[in-house]
Structure formats: structure tokens, C-alpha cells
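J.: Okay, handing you the structure first.
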Amino acid sequence: MLTDIKSLTREELAAQFKQWNEPAFRVDQLLDWLYARRALAWDAMSNLPKTLRAKLRENYSLQILELARRQGSPDTTQKFLWKLADGAFIESVLIPANPALYGEASDRHTLCISTQVGCAYGCRFCASGLDGWKRNLGIHEIVEQILAVERESGKLEAENRKSMTAAAVDPATFKQPPATDSRLVNNIVVMGMGEPLANYDHLIQALKILNAPWGGGIGARRITISTSGLAPQIRKLAVEPMQFRLAISLHGATDEVRNRIMPINRKYPLTELTAACEDYQKLKGRMITLEYILIAGVNDSLEQTRPLATLAKRLYAKVNLIPYNKVEDLPWVRPAEEVCERFLAALEKLDVTTTLRREKGGDIDAACGQLRLKTERALKATTL
Ligand code: SAH
Ligand code: SF4
């Protein structure tokens, strides 16, 4: 199988072009086609000589995510189900920060991306792990989620159409890809399907590409990685030069609660996880977020608030409370609204910076893995 072109950095492409005796400016022309214009095929790259296009085609693939399903409307949370080259499905969720409730255009968009097909960690409440783990996503499959959503959303369609038909871009007038604020997606949360830190190398390379000014142009501080608690990888992330934000899926402030719902806690119990987070926080000097899904009768007792507050303070972390999203076939439910509000108030009283998310997208199966699970199961049912 060929390496996909969207898994290489500018430096790596430059080395390849040098080896081919291609002038250096061709690299930027190629990057412009890939990341600014989101080209669908080699032949669209009209300002690259045919011989170079042929060399590229021979040596690299140019995979495009195929849209299998889309749910939601442009001014609310939208879910995209993608079919990969091998037939596997993954999801991305586009969340507008200002859902145009009063008619104003929504300017900031966050894209929640997947890093694996399925998940091996089997948290009891989560749809992503229900049918197990299939494979890691390739670098290009992580990167393509952003480009494919932008393509589908058509925001830059008109602009692109203009530049697609423009005469050959010559190096003298070559423009850098558009700055972050002209892109549709300007925040990324790695909170879709899969455990990002279990696909560490692909994740970091993909985020490098999405962060670079010649690539996605999305600031590292606008990229949040969420993990269920892989302590050694958190330490590894701490020494990466890029300043990503880190979110820990805690969901329980004691080993007793975490062990019940998250098998990973048996491997890396809270003492180990918090020590890794503490090191991360010290090295990076950045605030960590503790994600806490509220599940009725499992982790919503006020007894959890004290150990949670102690932990949050030790890590200089804020707490993000998320009422559980119902998953078909699973028994768990979200607590009543008053219970969530009481939990929030108790944490605030203990001086912890806390937010309670009033869920966006609950109605369209936005909790990770659900749309894919439904689709895969429906497909299996029809082929049996
Ligand atoms: N594997 C990583 C990232 C993907 S999960 C992790 O676990 O952090 C992203 C977030 O969605 C996690 O905090 C996860 O616990 C949460 N989540 C999973 N299923 C959910 C559900 N049904 N309702 C609400 N949040 C859910
Ligand atoms: Fe995997 Fe995260 Fe879901 Fe746990 S919560 S099963 S780690 S995707």
C-alpha cells in the first residue's frame, strides 16, 4: 500500500522533492492544493507539471473520506459518518460555538475527531468500545476529517471554485494558505471514537500537520486531546514541544467508582494517573480539564465531590460536568437536572472552577461512536 500524501510534513515533502530534483516551490504549490483548496484528485492540481503529478500518483495515495451519512443542520451540531478506504466507518462531529439562535452567523466551529476504528478500552458507558477495537487510523485519516468536513460544509466553495479555475499559480504570486480565521474549523477536540493516546505517533504527526501554517493552521492551544488515562503516554505528551490542551476522562474521583466503569483504571489507578497529570501540569504550566460524565446512581453522589475537588486543586484543573448521553443497549441514564445542578453547586462551594455542559447534539447521537455503531449493526443485519 502507498503512503498517503497527507501524512507527510512540509520538511518530508521537501526532502522527497529534492530527491526527485523538483524545485522547492513545488512543495508549497502541492500543499496549497492539499490544505487550502482541499483538492480531490491529482489532476485538479493544474499548476503542477504532468510529469510531477504522475510521479506523485505512482508513489503516494490521495485518499478522500467518503461521506456515508450526515445528521443535523448547518446551524446546529452536525455529525458526519465517513466510510474509509477499507470499508470501516468513523465519525466526526461539528459543533458551532454560537448556534445561530438569534440569527447571527456562527463564527467559531469545533470539530470533534476520531483516532481509531472502535476502541479497545471498553469503558462501560461508551458506544465506541461496544464492538471492540478494529484498527488505528492512519495519519491522513485523522487529517482528512477536518478537510472533508470543510469540503462538505461548502463554506469556502465559492472561493475555492474561483482559485481552482485560476491560471497556474506562479511562485512569485503564491499565497500562503488562508489564515485560521478564514477556515471553517478553528478548534479541534480529539474526543471522537477511540483512545487518542493509544495511537500516539499517528496522532502527533496528524496534529503537527493540522497545526502547521502550511497545513490546517489551527493553533495548538485550540487543540484538545482527551484521554481515558494512559499515564505513560501523558508523560510522553508532556515533553512534546507543542502546547496542546489536555482533558482527562475522569468520571469518578475514587478508584472504587472508576474501577466499576473504566477498566483502564485497573492498569493505571488514580495515584498513577494523577502523578502523571501533575508532572504534565508542571512541565506545561497549562490548566488540565477533568471531564466528568454524570451517570445516575453510578458517580453522581455528592460523596464524590470532595475527592474530586481535592484532585482538581492538586492538578490546578477545572472540572467539566457532562450529563450522560443515553446509548442504545446500555442500561445507564443521566441523572435528573436537579442532581446535576446540586453536584455543580457542591463543587463550586469547594472552590473548584466547574462548568455543567448543557449538551449539544444529544438528539443526534453525538456521544462518540453511536452513529457508527448503529450503522454497522444495521449493515450487518442486512447482510446476514
Ligand atoms: N478515548 C478518549 C477520547 C474519546 S471519548 C477518552 O475516553 O477520553 C470522549 C469523551 O466522551 C470521553 O470523556 C468519554 O468518556 C465521553 N463519553 C463517552 N460516551 C459518552 C456518553 N454516552 N455520554 C457522554 N459522554 C460520553
Ligand atoms: Fe474508548 Fe474513550 Fe469510549 Fe473509553 S470513553 S471506550 S477510552 S472512546
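J.: Cα gyration tensor of region 1-156, axes a ≥ b ≥ c as square roots of the eigenvalues: rounded (a/c below 1.5), prolate (a/b > b/c) or oblate? Display every interim value, and only then the final one.
T.: Working: a/c = 2.59, a/b = 1.46, b/c = 1.77.
Since a/c reaches 1.5 but b/c is at least a/b, the shape of region 1-156 is classed as oblate.
J.: Pull out a ≥ b ≥ c, the square roots of the eigenvalues of the alpha-carbon gyration tensor of region 3-61, then state rounded if a/c is under 1.5, prolate if not and a/b is larger than b/c, and oblate in the remaining case.
T.: Note, shape of region 3-61 comes out rounded.
J.: Hey, how many Å between the Cα centroid of region 49-63 and the Cα centroid of region 1-47?
T.: 9 Å
J.: Mind scanning LYS18/LYS50; LYS313/LYS349; LYS6/LYS50; LYS83/LYS236 and naming the pairs with a C-alpha gap bigger than 22 Å?
T.: Beyond 22 Å: LYS83/LYS236.
J.: Determine the dipole magnitude for region 3-61: charges of +1 sit on the beta-carbon of Lys and Arg, -1 on that of Asp and Glu, nothing else is charged, the reference point is the Cα centre, and the result goes in debye to the nearest 20. Could you put the intermediate results ahead of the total?
T.: Values: 10 positive and 8 negative charges, 30 e Å.
The dipole of region 3-61 has a size of about 140 debye.
J.: For a quick protection proxy, order the peptides 201-210, 214-223 by their average other-Cβ count within 10 Å, most packed first.
T.: Numbers: 201-210: 21.6, 214-223: 19.0.
Result, highest mean Cβ count within 10 Å first: 201-210, 214-223.
J.: Does region 301-352 come out rounded, prolate or oblate by the C-alpha gyration tensor, with a ≥ b ≥ c the root eigenvalues, rounded set by a/c under 1.5 and, if not, prolate when a/b is larger than b/c and oblate if not?
T.: Working: a/c = 2.65, a/b = 1.90, b/c = 1.40.
It is prolate, given that a/c is not under 1.5 and a/b is the larger ratio.
J.: Using Cα pairs closer than 8 Å and at least 6 residues apart in sequence, work out the relative contact order for region 264-349, in percent. Spell out each step's value before the answer.
T.: Values: 85 pairs, mean separation 28.6, N = 86.
Dividing the mean separation by the residue count of region 264-349 yields 33 percent.
J.: Provide the gained length on full extension for the span LYS50 to ARG235, in nm with one decimal, where the gain is 0.36 nm per separating residue minus the Cα-Cα distance. Write out the running numbers ahead of the final one.
T.: On the way: separation 185, 0.36 × 185 = 66.60 nm, distance 4.63 nm.
Between LYS50 and ARG235, full extension yields an extra 62.0 nm.
J.: Also, quick follow-up: Please name which of ALA24, ILE5, LEU48 has its Cα lying farthest along the dipole of region 3-61 towards the positive end, using unit charges on Cβ (Lys, Arg +1; Asp, Glu -1) and the Cα centre as origin.
T.: LEU48
J.: Note down the relative contact order for region 3-61 as a percent, whole number, built from C-alpha pairs under 8 angstrom at least six residues apart. Working shown, then result.
T.: Details: 30 pairs, mean separation 23.2, N = 59.
RCO, region 3-61: 39 percent.
Since every read-out is calculated from the coordinates, none of them should be taken as a lab result. Note that the structure is a prediction, hence the values are computed from the model and not measured. So basically every Cβ, Gly included, is an ideal-geometry build from the backbone, and we count neighbours across all protein chains shown.
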